[in-house]
Structures are given as C-alpha cells and as structure tokens.
1. Looking only at residues in region 28-61 that are polar (S, T, N, Q) and in a helix (DSSP H, G or I), which one is nearest to the chain's Cα centre (by Cα)?
2. Starting from region 1-29, keep only residues that are small (Gly, Ala, Ser), then list their pairs with residues that are loosely packed, with under 10 Cβ neighbours inside 10 Å whose Cβ atoms are within a distance under 7 Å, requiring at least 6 positions of separation or different chains.
3. State all residues of region 31-61 that are surrounded by 10 or more Cβ atoms within 10 Å (Cβ to Cβ) and basic (Lys, Arg); if no residue qualifies, say none.
4. Within region 1-27, track down each residue that is surrounded by 10 or more Cβ atoms within 10 Å (Cβ to Cβ), touching a Ser or Thr at 6+ places or on another chain (Cβ under 9 Å) and in a loop (DSSP other than H, G, I, E, B).
5. What pairs come up if the first residue lies in region 41-70 and is of a type in the set (Lys, Arg), the second is part of a loop (DSSP other than H, G, I, E, B) and modelled with pLDDT of 85 or more, and their beta carbons are under 9 Å apart, counting only those six or more places apart or on different chains?
6. Of the residues in region 26-36, how many are within 29 Å of LEU2 (Cβ to Cβ) and at pLDDT below 85?
Amino acid sequence: MLAVAGTYQNGYVKLDKEVSSENPVRVIITFLEDVEPVNKKRMELSDFSFAESRKITEDYKGSFSDSLIEERRSEL
C-alpha cells in the first residue's frame, strides 16, 4: 500500500507527487478536514407523481417520443 497526499477541489484530486501504474488502481480518499456538503437538491422518488403527470399532460395530443427526439435534436 502506498500513501500519497494531495488536494481535492471541485471533483478532482491533484496528487502532491506523481504515481505511475500500468493498470487502473483502486484508491481510498480520506478527507482530513471537515467538509461542508453543498446543498444540491436531489430528486427523490416522492418528487414523482403518476397522477400529477397525467393531470399535467391530459390536454397533450402529440407524441411524447417525437417531442423528446425533437428536443434532443435541437440541442445538437
């Protein structure tokens, strides 16, 4: 086992020294200081309601598949 110090910021770890390996290596990262979690609201199963979805889309007469394809094409 090898221990190397580094710095974590915005989802990336920068090691203080280079480590070479021909194969992928599993690592364990331990945060030595208290880290305040960012309060990103995660979607929960309770955020979805079949009945509410039906109510919102009751007047929609098009194809959801076609709408989704068109939306994704417009993003390209």
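The values are calculated or read from the model by the stated rules, or taken from the named source; none is laboratory data. Model, not experiment: these values are computed from the prediction. In this analysis, Cβ positions are derived from the backbone assuming ideal geometry, glycine residues included, and neighbour counts consider all displayed protein chains.
1. Filtering region 28-61 for residues polar (S, T, N, Q) gives 30, 39, 46, 49, 53, 57.
With in a helix (DSSP H, G or I) added as a condition, the list becomes 46, 53.
On the way: SER46: 19, SER53: 24 Å.
So the residue we want is SER46.
2. ALA5/ASP16; GLY6/LYS14; GLY6/ASP16
3. Across region 31-61, the qualifying residue is only LYS55.
4. Quick first cut of region 1-27, residues surrounded by 10 or more Cβ atoms within 10 Å (Cβ to Cβ) only: 4, 6, 8, 13, 15, 19, 27.
Filter once more, so that each one left must be touching a Ser or Thr at 6+ places or on another chain (Cβ under 9 Å): 13, 15.
Those that are surrounded by 10 or more Cβ atoms within 10 Å (Cβ to Cβ), touching a Ser or Thr at 6+ places or on another chain (Cβ under 9 Å) and in a loop (DSSP other than H, G, I, E, B): none in region 1-27.
5. Taking only residues 6 or more apart or on different chains, the pairs are LYS55/SER49.
6. From region 26-36, those within 29 Å of LEU2 (Cβ to Cβ) are 26-35; that's our starting set.
Checking which are at pLDDT below 85 leaves us with 35.
Total satisfying the criteria: 1.
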